[in-house]
Amino acid sequence: MSAYIAVVIDSFRAAFSSRVLWIAFVAIWILLAALAPIGFRLQYTTDFRSQDFYNGTRLKAMLARGTVDERLAEKPIGRLAASMPDELSRQLRLVGDGDEVRIFLRVFADALNRCLDDESWYSEEAWSDTLQFRELRELDAITGPMDEELKRRRARLRIEAALPGVFETRASRSIRLTYAGIDFPATFAMDKAQFLILVNQYVLPVIIQWLMGFVLVFLGILVTSSMIPEMLQPGSLHLLLSKPISRTMLLLSKFLGGCTFVLLCVTQLVIGLFLIAWLRLDIWNARMLWCIPVSVFLFSVFYSVSTLAGLIWRSSILAIGVTCIFGSLCLVIGVIGGLFDSFVTRPASIRHIALAGDVVIGTTKGGGLVRWDQTNKVWADIFESNPMGADRVIPPVVVRESTVVTARVRGGRFNPFGSGPSDLLVMNAESGWVGEPSMRLPTSTTEIFVAGDQLIALNAAELSATSVQQIFRQVGESFLSEQTIDGESSESDEVDLPLPVDQELGQFDSQPKVGATGWLQKLSNMMGEAAEGFSQILPKNISLTPPRAVYMDSNGDYLIVQSRGRLLRFEKPETGNGVWGKVTERSIEGEAANRCWIAVSGSTMLLAREESPLQMFDVNTLEPLGEIDLPDSLSPVRLIGVSDASREARYFLVTSDGLLRQVASSFDGSDLRISDPTGPREIESVYFDSIRQKVYISHHTDQIDIYDSQQWKMVERLDPSISGWRFVDRYMIGPLRFMTPQTGELGEAIEAIISGKTARTILDGPDAGESVRYELIRPIVSCSAFVFLMLLTSCYYFATRDF
């Protein structure tokens, strides 16, 4: 054994004698020295940025209306519009007159930032009817002196209150990076917890992956490629073989010694980054140290190729060339696999499920709408998926036993406004699943609900209602005659239209009165106000700012919303129409900018939020009943409740690892518990059919398993036959990717290790909020098998050849 250790030590000496190694050391030391002065400090979130706007079209319309409508001069929106710079006011007046004027978000941000320093636009009386944020109430209650930063924070909250549905929810405290004590020019609109997630999940993995996955691997091959050819020199090899050692162990010792180059470099880099993150950014993340063995393992994949090439050709130049060709091959296959994931597999993935009678309807990630064709065992397109498309399909809901309504928002994938208002589409089997246009939805509608005999639309900041009967009447008499209610023709029923919202309920009428000019109607549409036939149902001082969650009672008696750190319960008015009354409200601890989900089972409600425990509340009083923590590596993705639970509250929770867990509790929340994963893997969506007591689980792109919710056993599987590019992906690209060591996906292991998560969340763009799971098993298995095969081949070749 001492002889083999001597070979490894000799490899260490050879590595230390390399000039390239010392150049790499110096480069790492310079990089760490450059990063060491980075620090941060917390400050209040004040200045507006372009990224802070959720709906820029609504902002433009609101300010334009405040500019041209004299009735709003003393309203908050009118006073803000009057404080805009002259050039912006001129452009807003053109918008108010009906002209198409493009105004960049940065222009609005600059104008609103000027308002933070000069609050001449503020009037206590005018702002008395606006949204009352908890933080704003606390700041308004301060009677003593207030520093400038707090004044600017209060001014920002007042502007956000006057412009509901315009801004993203941001943390009250922001991170400002510093370098050697000097502030960076930009701030991060996130709190410290979110900043830690950003650094752990994105910044550090990118630094380590690029330096270790490319630079150090390439340098390592340059340095170590000569070790095997030099060992095969006649004098050197004969001297080594004169000792009582086997050729196999000699080669493996040389291979292990060759990995020392990357080991020495990576150890310094990772430990240096770990210390900087700990001492300068207050991030204690011992998981970073696992990057050292992972990086050495990544290098061993390439070095195993260099070793075999060095044995065959006894040339370091050829060993480098063959290794570079191998790396290029891995890169090409990885890119091809990524293209198939993006343009073939992902667009076909089922995102939402609905059940129209016996027909399963689903939306896809490619902006399509599909139905299950039981005869041909395939998904039939209603709206074709388009991986490059910009359209967004609103998840369909069932309004009759076999009739669904949905909408296709043109350009809505990139912004909630899209290209303008969209028509509500009504479809069923009798119509050949062809969408029949009905009423026009409020602009920027993102989700629709059925509540008894009403349909509720959620848009930028409001909920608007119309009657289901009115939807069918708008479609036409031929379609309406096919719909029956309680066995009678729906044509004979009275149409119960929603009542309009009075002007006193807010800054604007919910919709222009008869005779209003065209520009007023256009501005109303741009602001996403209630469209014709719809009326707003939330009180004037309530705005549903994203991220938000809404639960609508299927009977239409109540609804529960979560927005900006508040839980609110509303009940339908006794008249059945008009504004719903707020019954109770509860503030929720934690960061309001985290995504959330709400579900109800029996007399309980479950709230799931990112980076927070699962919390159970009484559905009537919103009193907390209990909470349970998820593992740190998991985040909620989907949540549904068993609506007719009789013995205990039951929920189905899909987590970021693509697995389904059941959450159950007695109705008093005393024994809240979460089960081990159950059902299939790689789950995308889940749907509960309360009539048949079945759970529909979509997984592995477009397969659906149907489970009996009582006995929890699978009763049916919808497994579509595939053809075309899907066939090529499954039976050609998939096996090729598995047989080829996916070094790029192995880099994801570093990201997963550092973040401690099973998936990452897309921060911006059209797929913002979507969770992308890390691939861990496939790259580790494929790379391990490849290294073993290459070393086995090398050892056999070395043992059977006469050098």
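The values are calculated or read from the model by the stated rules, or taken from the named source; none is laboratory data. In this text the structure is predicted, and so the values were computed from the model without any measurement. Neighbour counts are summed over all protein chains in view; Cβ atoms, including those assigned to glycine, are modelled from backbone coordinates with ideal geometry. The accessibility values were calculated without ligands, DNA or RNA, using every heavy atom of the protein model including side chains. Shrake-Rupley method; radii C 1.70, N 1.55, O 1.52, S 1.80 Å.
Key figures
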| item | result |
| --- | --- |
| Of the criteria (1) within 30 Å of Gly334 (Cα to Cα); (2) loosely packed, with under 14 Cβ neighbours inside 10 Å, which one Ile722 fails | (2) |
| In the stretch 140-160, the residues that are modelled with pLDDT of 90 or more and either of a type in the set (A, V, I, L, M) or touching a Ser or Thr at 6+ places or on another chain (Cβ under 6 Å) (or both) | Leu150, Arg152, Arg153, Ala155, Arg156, Leu157, Ile159 |
| Selection count where residues are over 12 Å from Ile353 (Cα atoms), open to solvent by less than 40 Å² (accessible area, probe 1.4 Å) and assigned to a loop (DSSP other than H, G, I, E, B), scope the stretch 680-716 | 4 |
| Subset of the stretch 746-765 (residues that are under 18 Å from Phe343 (Cα atoms) and either open to solvent by less than 40 Å² (accessible area, probe 1.4 Å) or among the β-branched types (Val, Ile, Thr) (or both)) | Ile762 |
| Check on Leu269, farther than 20 Å from Leu331 by Cα, open to solvent by less than 30 Å² (accessible area, probe 1.4 Å) and not aromatic (Phe, Trp, Tyr) | yes |
| Residues (aliphatic (A, V, I, L, M) and under 17 Å from Thr584 (Cβ atoms)) located in the stretch 607-633 | Leu607, Met616, Val619, Leu622, Leu625 |
| For Tyr54: the one exception among (1) in contact with a strand residue (DSSP E or B) (Cβ under 8 Å, 6 or more places away or on another chain); (2) open to solvent by less than 20 Å² (accessible area, probe 1.4 Å); (3) under 30 Å from Gly418 (Cα atoms) | (2) |
| Check on Ser128, part of a helix (DSSP H, G or I) and small (Gly, Ala, Ser) | yes |
| Check on Ser709, over 24 Å from Arg638 (Cβ atoms) and small (Gly, Ala, Ser) | no |
| Pair list, Cβ under 7 Å, 6 or more apart: the stretch 321-347 residue in contact (Cβ under 8 Å) with a residue 60 or more places away in the chain and open to solvent by 60 Å² or more (accessible area, probe 1.4 Å), other residue assigned to a helix (DSSP H, G or I) and of a type in the set (Val, Ile, Thr) | Ile336/Ile733 |
| The stretch 272-297 - residue that is open to solvent by 10 Å² or more (accessible area, probe 1.4 Å) and closer than 30 Å to Gly321 by Cα and, of those, nearest to the chain's Cα centre (by Cα) | Val294 |
| Residue in the stretch 306-320 that is least open to solvent (accessible area, probe 1.4 Å), counting only those that are over 17 Å from Tyr797 (Cβ atoms) and either at pLDDT 95 or above or not polar (S, T, N, Q) (or both) | Ile320 |
| Strands (runs of 3 or more DSSP E) within the stretch 385-482 that include 3 or more residues modelled with pLDDT of 85 or more and either touching a Cys at 6+ places or on another chain (Cβ under 9 Å) or of a type outside the set (Ser, Thr, Tyr) (or both) | 392-400, 403-409, 423-428, 436-440, 447-451, 454-458 |
| Condition broken by Gln710, with the remaining ones in (1) out of contact with any strand residue (DSSP E or B) (no Cβ under 9 Å at 6 or more places or on another chain); (2) touching a residue at least 24 places away in the same chain (Cβ under 8 Å) satisfied | (2) |
| Test result for Val107, closer than 16 Å to Gly56 by Cα, open to solvent by 40 Å² or more (accessible area, probe 1.4 Å) and either of a type in the set (Phe, Trp, Tyr) or part of a helix (DSSP H, G or I) (or both) | yes |
| Flag for Thr403 being without any contact (Cβ under 8 Å) to a residue 60 or more places away in the chain, more than 27 Å from Ile542 (Cα to Cα) and polar (S, T, N, Q) | no |
| The stretch 713-745, residues that are over 14 Å from Val360 (Cα atoms), among the charged types (D, E, K, R) and without any contact (Cβ under 8 Å) to a residue 40 or more places away in the chain | Lys713, Arg730 |
| Residue that is farthest from Met552 (Cα to Cα) [pool: residues in the stretch 633-665 that are without any contact (Cβ under 8 Å) to a residue 40 or more places away in the chain and assigned to a loop (DSSP other than H, G, I, E, B)] | Leu659 |
| All strands (runs of 3 or more DSSP E) inside the stretch 530-632 with 1 or more residues being among the β-branched types (Val, Ile, Thr) | 548-552, 558-563, 581-587, 596-601, 604-609, 624-628 |
| Residue check for Ser784: polar (S, T, N, Q) and open to solvent by less than 70 Å² (accessible area, probe 1.4 Å) | yes |
| Among the candidates Ser698, Ser771, Ser721, residue that is under 28 Å from Ile336 (Cα atoms), modelled with pLDDT under 85 and in contact with a strand residue (DSSP E or B) (Cβ under 7 Å, 6 or more places away or on another chain) | Ser771 |
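Results for (1) surrounded by fewer than 11 Cβ atoms within 10 Å (Cβ to Cβ); (2) out of contact with any Phe, Trp or Tyr (no Cβ under 6 Å at 6 or more places or on another chain); (3) under 24 Å from Leu538 (Cβ atoms); (4) among the aliphatic types (A, V, I, L, M), shown as yes or no for each residue.
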| residue | (1), (2), (3), (4) |
| --- | --- |
| Asn113 | no, no, no, no |
| Leu116 | no, yes, no, yes |
| Ser120 | yes, yes, no, no |
| Trp127 | no, yes, yes, no |
| Phe133 | no, yes, yes, no |
| Asp140 | no, yes, yes, no |
| Asp147 | yes, yes, no, no |
| Leu150 | no, yes, no, yes |
| Arg153 | no, no, no, no |
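Residue-by-condition table, conditions (1) within 22 Å of Ile456 (Cα to Cα); (2) open to solvent by 20 Å² or more (accessible area, probe 1.4 Å); (3) out of contact with any strand residue (DSSP E or B) (no Cβ under 8 Å at 6 or more places or on another chain); (4) not aliphatic (A, V, I, L, M):
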| residue | (1), (2), (3), (4) |
| --- | --- |
| Glu571 | yes, yes, no, yes |
| Thr575 | yes, yes, yes, yes |
| Val579 | yes, yes, no, no |
| Lys582 | yes, yes, no, yes |
| Cys596 | yes, no, no, yes |
| Leu607 | yes, no, no, no |
| Glu611 | no, yes, yes, yes |
| Leu614 | no, no, no, no |
| Val619 | yes, no, no, no |
